[in-house]
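The values are calculated or read from the model by the stated rules, or taken from the named source; none is laboratory data. Please read these numbers as outputs of a predicted model, since none were measured by experiment. Quick reminder, even Gly has a Cβ in these numbers, built from the backbone with ideal geometry, and neighbours come from all protein chains shown. When the accessible area is computed, the model is the full protein with side chains, heavy atoms only, and any ligands, DNA or RNA have been set aside. Shrake-Rupley method; radii C 1.70, N 1.55, O 1.52, S 1.80 Å.
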Amino acid sequence: MAEFLSLHDAVARYVQDGATVAMEGFTHLIPFAAGHEVIRQKKRELTLIRMTPDIIYDQLIGAGCAKKVIFSWGGNPGVGSLHRLRDAVEKGWPHKIDILEHSHAAMACAFEAGAAGLPLAVLRGYVGSELPSVNDQIKFIECPFTGERLAAVPSVRPDVSIIHAQRADRQGNVLVEGIVGVQKEAVLAAKHSIVTVEEIVDDLKSHPNACVIPGWAISAIAVAEKGALPSYTHGYYGRSNRFYKEWDAIARDRDTFTQWLDDNVFNVGDQA
Amino acid sequence: MRLEYTSSEMMSVTAARALENGMTCFVGIGLPSEAANLARLTHAPDVVLIYESGTLQTKPEILPLSIGDGELCESALTTVAVPEMFRYWLQGGKVNVGFLGTAQIDRFANLNTTLIGDYKAPKVRLPGGGGAPEIATNAGEVFITLKHSRRAFVKDVDFVTTLGFGRDGKGRDNVPNIGKGPTRVITDLCVMKPDPETKELVVVSLHPGINRSDVMDATGWEVRFAEQLESTPEPSEKELEILRELKARTERAHAGE
């Protein structure tokens, strides 16, 4: 049953040093507030999983939280590179990180397999790609019925998954609307889960086919108003494309980045 | 009077014309997205555009900055979870065309969006494969659009993120359940298509005002030209007007955020 905690307490309880953590959100509903709390609590040696590690993972990597990143597309969407990710991979700052890269299709299937309690995901994937030569987690198997060669990847089973959503009711049931990405699968695949929400309401006001994650499938819910900014929360506020563009200049330089982190994450407290 | 237009506009209009009305197109962000929406707003009003963020049959008023902008969801017929998008719609064989951009392309239309240099010690780390590896093999065919330069058009890509026809041109031979692969590459200088036998990219059409040496100078291999080399039709006044309106709307919308 979901427990209502402060963001500080939820992160302190469920994100341990060395944990495997998935903070999902496919451009929409990215859990920035939770990511900043992880940075403030100086979590270390995390294996960060995410289909599209964007600015929040750039910040976590630059802040020294990551040991390894498992991903399928690592960029600043529509803008360019993630300079903190590149600096860590290319020059080892603030320390060297390992990367393990997949395609979107494989990661989406791996989350789904995790949610389904399966050890692996099978897909018609990676044909002719050289990704299997640099990622030993990509194998090929033969279909026992047709003999077709299919790709197989291990399912994703994070220690903790963190997502952001529109709202929860007082029983802890959560509504996710708009671009729902792979968030539901991430929660169901994980041992523990934290969902940050814009607000707690008496009535979710959801449609019959809406993406609702029941409270009994979630570990903790924390209110984080505007918790997805600078990404967006459908029905609540828009995406700050301006910040995504500004991030390019901030992240390019180590000193500028460090100063930004001090001003916007460390020195704002956990109410930010 | 001759119409004034830029080489980028020539590229977008030519890429847009590649899409036929009624096709289902899995759209990559950037140039492919610009071309696909231009097609929808001109000759192909019923082209079905889907983006990997889960938006099915979307009709954005402005071009999205990212693959998951709210505009795509709000103007879509419906939005599905990302696993469903890749499993049912793409892998399930419901997509006619995958429309992709890339950082590097080689003579066999293999795409590299992973890195420049050596994998363990990259000179430049690029974003990675994203949806492209499976879009390129599970879609019926693939259109590619990118600007022509020696940095982008290399004899051999540093890394095959996404299959064109493999490093020997035979990468799709005898593979069951695979699409036709790249059928055309549209640049700001020309249109290229794979040779039916060897699968090497051949220039089939030059854009107005472009000559063979312009293409040779911008291509990192000894590029071949078709015997029946065509001249790409110029953009029409209407196409240019709609493209410019689309870009101006997009710029205004993104400037305010």
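Under 20 Å from the Cα of A:LYS205, which lysines turn up, not counting those fewer than eight places away in the same chain?
Candidates past the 8-residue exclusion: A:LYS184, A:LYS226.
Under a Cβ-only charge scheme (Lys and Arg +1, Asp and Glu -1), can you give me the dipole magnitude of region A:1-88 about the Cα centre, in debye to the nearest 20?
That gives a dipole near 260 debye.
Could you state how much accessible area A:ASP248 has, in square angstrom rounded to the nearest 10, with a 1.4 Å probe and all protein chains kept in place?
Ignoring ligands and nucleic acids, A:ASP248 comes out at about 30 Å².
In this model, which of B:LYS59/B:LYS238; A:LYS245/B:LYS120; B:LYS123/B:LYS170 are farther than 21 Å apart at the alpha-carbon?
Pairs exceeding the cut-off: A:LYS245/B:LYS120; B:LYS123/B:LYS170.
Show that you can apply the helix-only estimate: for chain B, add -39,500 (n - 2.57) for every DSSP H stretch of four or more residues, divide by all residues, and state [θ] at 222 nm to the nearest 500.
About -6500 deg cm²/dmol.
Could you work out how far the C-alpha centroid of region A:52-124 sits from that of region B:181-257, in angstrom?
Centre-to-centre distance over Cα atoms comes out at 33 Å.
Need one number: buried accessible surface between chains B and A, 1.4 Å probe, both sides summed, DNA, RNA and ligands left out, in Å² to 100.
4000 Å²
With unit charges on the beta carbons (Lys and Arg positive, Asp and Glu negative) and the dipole taken about the Cα centre of region B:1-122, which residue among B:TYR51, B:ILE62, B:LEU100 sits farthest to the positive side?
My answer, from the dipole projection, is B:LEU100.
Where the centroid of each part is defined by its Cα atoms, how far is region A:6-42 from region A:206-262 in Å?
With region A:6-42 and region A:206-262 each reduced to a Cα centre, they are spaced 11 Å.
Please compute the modelled spin-label separation between B:LYS193 and B:GLU74, points set 7 Å along Cα→Cβ, answer in nm with one decimal.
4.1 nm
7 Å from Cα along Cα→Cβ at both A:GLU199 and A:VAL134: what's the point-to-point distance in nm?
Going by the 7 Å Cα→Cβ label model, 4.6 nm.
At a 1.4 Å probe radius, which order do B:SER33, B:SER231 fall into by accessible area, largest first?
Descending accessible area places them as B:SER231, B:SER33.
Cα centroids of region B:126-180 and region B:1-52: how far apart, whole angstrom?
Comparing the Cα centres of region B:126-180 and region B:1-52, I get a distance of 20 Å.
With θ taken as phi - 60° and the coefficients 6.51, -1.76 and 1.60, list the Karplus ³J(HN,Hα) couplings across region B:157-168 in order, rounded to whole Hz; mark glycine and proline as x.
Those phi angles translate into 5, 5, 7, 8, 6, 10, 5, x, 10, x, 5, 10 Hz.
Would you mind checking region A:88-127 for residues with the amide N under 11 Å from a putative spin-label position 7 Å along Cα→C-beta of A:THR258?
Under cut-off, by backbone N: A:94.
Round to the nearest 10 and report in Å² the accessible area of B:ARG184, as given by a 1.4 Å probe over the protein chains' heavy atoms.
Taking all protein chains as shown, B:ARG184 has close to 70 Å².
For chain A, set up a Gaussian network in which alpha carbons nearer than 10 Å are linked by springs, and say which option among A:VAL134, A:VAL180, A:VAL156 fluctuates the most.
A:VAL134
Describe numerically, in nm with one decimal, the distance between label points set 7 Å from Cα along Cα→Cβ at B:ASN211 and at A:PHE243.
5.3 nm
May I ask you to give the percent of accessible area on the protein assembly as shown that is carbon plus sulfur, with a probe radius of 1.4 Å?
Accessible surface attributable to carbon and sulfur in the protein assembly as shown totals 49 percent.
Taking a 1.4 Å probe, which of A:ARG50, B:ARG150, A:ARG44 shows the most accessible area, and what order do the others take after it?
Solvent-accessible surface, decreasing: B:ARG150, A:ARG44, A:ARG50.
Take every residue in peptide A:172-179, count the Cβ atoms of other chains within 10 Å of its Cβ, and give the average of those counts.
3
Enumerate by residue number the chymotrypsin sites (Phe, Trp or Tyr not before Pro) in region A:79-177 meeting two conditions: DSSP loop (anything except H, G, I, E, B), and at most 13 other Cβ atoms within 10 Å of the site's Cβ.
Sparse-neighbourhood loop chymotrypsin sites (Phe, Trp or Tyr not before Pro): A:PHE145.
So if R0 is 51 Å, what FRET efficiency would B:LYS120 and B:ALA226 give, r being the distance between their Cβ atoms, rounded to the nearest 0.05?
Using R0 = 51 Å, I get an efficiency of 0.80.
Å³ per residue of the Cα convex hull, for region A:1-96?
96 Å³
Please check region A:225-245 for residues whose accessible area, probe 1.4 Å, is lower by 30 Å² or more when all protein chains are in place than in their chain alone.
Output list: A:TYR232, A:HIS234, A:ARG239, A:ASN241, A:ARG242, A:LYS245.
Determine which aspartates and glutamates satisfy two conditions relative to A:LYS96: a Cα distance under 12 Å, and not lying fewer than 8 residues away in the same chain.
The qualifying aspartates and glutamates are A:GLU45, A:ASP87.
Taking all protein chains together and a probe of 1.4 Å, list A:LYS43, A:LYS67, A:LYS91 from the most accessible to the least accessible.
A:LYS91, A:LYS67, A:LYS43
Enter the accessible area per residue of the protein assembly as shown (Å², integer; probe 1.4 Å; all protein chains in place).
39 Å²
Only four residue types carry charge here, +1 at the Cβ of Lys and Arg and -1 at the Cβ of Asp and Glu. Report the dipole size of the protein assembly as shown about the Cα centre in Debye, rounded to the nearest 20.
With only Lys, Arg, Asp and Glu charged at Cβ, the dipole is about 820 debye.
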